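Undergrad: Structure provided below as structure tokens; questions to follow.
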Amino acid sequence: MKKLAILLSAFIFTAFTVTAQISTANKKEVQPVQKKEVKQTKQTSNPNAPVIKFDKTTHDYGTIKQHGDGNCKFTFTNEGKEPLIITNVRSSCGCTIPTWPREPILPGQSKVIKVKYDTKRMGLINKTVHVYSNATTPSVTLRIKGKIVANPNSAIPEKKATESAAPVNKKK
């Protein structure tokens, strides 16, 4: 019985030792392969690629009243040598709605990305709009900021009664 226990212990010890050595050897082999893959996926820059240049990347509404005008524009120019294609424009929230040109923008041409913010919410505005394109800088972040304040309470207009108006709940 002792011989069987010793033999079984030796077998288990050998199995763990071999497994640990194989695991260590595999880790050493995998690391150089991963480094090679990173080098292969590195892109070279295209000297003719489109270049997107914005007049401004932040729009400050300042202080606006609730239900006020939440529209703004971001003008950009393609300063590259190839057509610029905007693939997507995404906002950080559903209260911010961007619209952008869907057709290619030729070199030297300027276009506008329009952003509409829903001004029914009161408080500070701090939202982002991400622009994705085939430009040398494939992602550009635009920002809108400001503050929305409540409209002053205005009195409910009273209807002036005239003599020709019919009385309400008149008893006969």
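The values are calculated or read from the model by the stated rules, or taken from the named source; none is laboratory data. Just so you know, these numbers come straight off a predicted model, no measurement behind them. Glycine gets a Cβ as well: all are built from the backbone with ideal geometry, and neighbour counts include every protein chain shown.
Undergrad: Given (1) among the basic types (Lys, Arg); (2) touching a Pro at 6+ places or on another chain (Cβ under 9 Å); (3) under 22 Å from Val149 (Cβ atoms), where does Lys114 come up short, assuming only one miss?
TA: With (1) among the basic types (Lys, Arg); (2) touching a Pro at 6+ places or on another chain (Cβ under 9 Å); (3) under 22 Å from Val149 (Cβ atoms) applied to Lys114, the lone miss is (3).
Undergrad: Here's something else I'd like to know. Considering only the range 52-70, how many residues are of a type in the set (Phe, Trp, Tyr) and crowded, with 16+ Cβ neighbours inside 10 Å? Break it down stepwise before answering.
TA: We begin by selecting, within the range 52-70, every residue of a type in the set (Phe, Trp, Tyr); these are 54, 61.
Those still in the list that are crowded, with 16+ Cβ neighbours inside 10 Å too: 61.
Final tally of qualifying residues: 1.
Undergrad: Write out, first by first residue and then by second, each pair whose Cβ atoms fall under 8 Å of each other, whose residues are 6+ apart or on separate chains, and whose first residue, in the range 40-55, is modelled with pLDDT of 85 or more and among the small types (Gly, Ala, Ser) while the second is surrounded by 14 or more Cβ atoms within 10 Å (Cβ to Cβ) and in a loop (DSSP other than H, G, I, E, B).
TA: Taking only residues 6 or more apart or on different chains, the pairs are Ala49/Gly80; Ala49/Glu82; Ala49/Asn134; Ala49/Ala135; Ala49/Thr136.
Undergrad: Something else about it: Out of (1) at pLDDT below 90; (2) over 21 Å from the mean Cα position of the chain (by Cα), what's the single condition that is false for Gly80?
TA: Condition not satisfied by Gly80: (1).
Undergrad: May I ask you to say which residue of Ile86, Ile125, Ile144, Ile113 is more than 23 Å from Pro50 (Cα to Cα), modelled with pLDDT of 95 or more and under 24 Å from the mean Cα position of the chain (by Cα)? Walk me through it before giving the result.
TA: Values: Ile86 fails: more than 23 Å from Pro50 (Cα to Cα); Ile125 fails: modelled with pLDDT of 95 or more; Ile113 fails: more than 23 Å from Pro50 (Cα to Cα).
None of the others qualify; the one that does is Ile144.
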